[in-house]
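Student: First the structure, which I've put down as structure tokens, then a few questions once you've had a look.
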Amino acid sequence: MQDQHHPEDPWGWDGELTPVPGFGFFPERVNTELDAVTKEILQQEISVIPDLQIFNLSSAFIGQYKCTILNETWPYLFPDLSLKSQPACPPTWDGSSCLPPTMPGSLAIFPCMESKENVSYLTSSNATRICLSSGYWDWSQPTNYSHCQQKLMDVSGKSEDLDISVLIYLIGYSVSLSALLGALLIFFSFRELRCLRHKIHIGLFSTVCLADISWISTAFLQSLIHSDD
């Protein structure tokens, strides 16, 4: 995909970089391409699940899936970095953010994620993680999110809207979970469906089920805590 105006920089790395929360600082073209590829592949994967749409999936699940796509395509999207003599630290999901590809022996700096464990964060600050000179991430210590601040919520003015939003999400996740459990039941009930392709689908269904259960459980526990207050 060659740009006529920037033949040596097709993605716009020499221009202005856009902060992508939980991912890094990318040219707008890189982020647009990454979002488009992620949406296309994810849509194909979930198309076999009845009544399941992308908007039913949690932002954390979509972010992790997008990170997986970036892990496979980063040499294409980051050509200058991929041509360095030393291997770079590859894109990796740390549980909350996607560590961007980073030069060995340097510090990865990327905007704070939008949410973590159902808590919203300001994306104006940055998180960091060390990329060792060997080209591997430093897992001896966690990603530094100390500068990431939670969003403050106006409880008096938005509590009612929040309750409605939680209820809508709860209904959506419950419908999604019910459909997924039904699909898994069908897969496990018929031996002829136990082929390699369907096993891949079973793995995807199970992952989304766990994500749905995690959100519903967290929302239930938070409601119990608020009721005690």
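Student: Taking a probe of 1.4 Å, how large is the accessible area per residue of the stretch 57-199, in Å²?
Tutor: Result: 62 Å² of accessible area for each residue.
Student: Between the alpha-carbon centers of the stretch 61-110 and the stretch 174-222, tell me the distance in whole angstrom.
Tutor: 29 Å
Student: Could I ask something else about it? Return the label of the correct value of P(r) over Cα pairs in 5 Å bins from 0, in percent, as calculated from the structure shown, out of [x] 1, 6, 10, 13, 12, 11, 12, 11, 10, 7, 4, 1, 0, 0; [y] 1, 6, 11, 15, 15, 15, 13, 11, 8, 4, 1, 0, 0; [z] 1, 7, 14, 18, 21, 17, 12, 6, 3, 1, 0, 0.
Tutor: Correct label is [y].
Student: I would also like to ask the following. Using Cα springs under 10 Å in a Gaussian network model of the chain, which residue among Gln141, Gln150, Gln64 shows the largest mean-square fluctuation?
Tutor: Sorting by GNM fluctuation, first place goes to Gln141.
Student: Among Val175, Val119, Val208, which one shows the highest mean-square fluctuation when the chain is modelled as a Gaussian network with alpha-carbon springs under 10 Å?
Tutor: Highest fluctuation of the listed residues: Val119.
Student: Which one of Phe25, Phe205, Phe190 has the biggest mean-square fluctuation once the chain is modelled by GNM with Cα springs under 10 Å?
Tutor: In this elastic network of the chain, the residue with the biggest mean-square fluctuation among Phe25, Phe205, Phe190 is Phe190.
Student: Any chance you could look up the accessible area of Trp74 with a 1.4 Å probe, heavy atoms only, rounded to 10 Å²?
Tutor: Rounded to the nearest 10, the figure is 30 Å².
Student: How high is the relative contact order of the chain, given as a whole-number percent (alpha carbon pairs under 8 Å, six or more residues apart)?
Tutor: For the chain, the relative contact order is 15 percent.
Student: Could you pull out the longest piece of the chain with no exposed loop trypsin sites (Lys or Arg not before Pro) in it, calling a site exposed if DSSP puts it outside H, G, I, E, B and it has at most 12 other Cβ atoms within 10 Å? Before the final figure, lay out the partial values.
Tutor: Working: sites that count: Lys84, Lys151, Arg194.
Here the longest segment lacking exposed loop sites spans 1-83.
Student: Let me ask something else about it. In percent, what relative contact order does the stretch 24-157 have, based on Cα pairs under 8 Å that are 6 or more apart in sequence?
Tutor: Over the stretch 24-157, the number comes to 17 percent.
Student: Counting alpha carbon pairs within less than 8 Å and at least 6 residues apart, what relative contact order, in whole percent, applies to the stretch 1-77? Walk me through the numbers on the way to the answer.
Tutor: Values: 45 pairs, mean separation 16.4, N = 77.
After rounding, I find 21 percent.
Student: Let me ask something else. Give the list, by residue number, of cysteines in the chain with no other Cys Cβ closer than 4.7 Å, or say none.
Tutor: Lone cysteines by the Cβ rule: Cys195, Cys209.
Student: I'd like the accessible area for Asp14, computed on protein heavy atoms only with a 1.4 Å probe and all protein chains in place. Round to 10 Å², please.
Tutor: 140 Å²
The values are calculated or read from the model by the stated rules, or taken from the named source; none is laboratory data. As the structure is a computational prediction, the values presented were derived from the model and not from experiment. As a convention, Cβ positions derive from the backbone with ideal geometry for all residues, glycine included, and neighbour counts pool all protein chains shown. The protein model used for the area step is the full one, side chains on, heavy atoms only, and it has no ligands, DNA or RNA in it. Shrake-Rupley method; radii C 1.70, N 1.55, O 1.52, S 1.80 Å.
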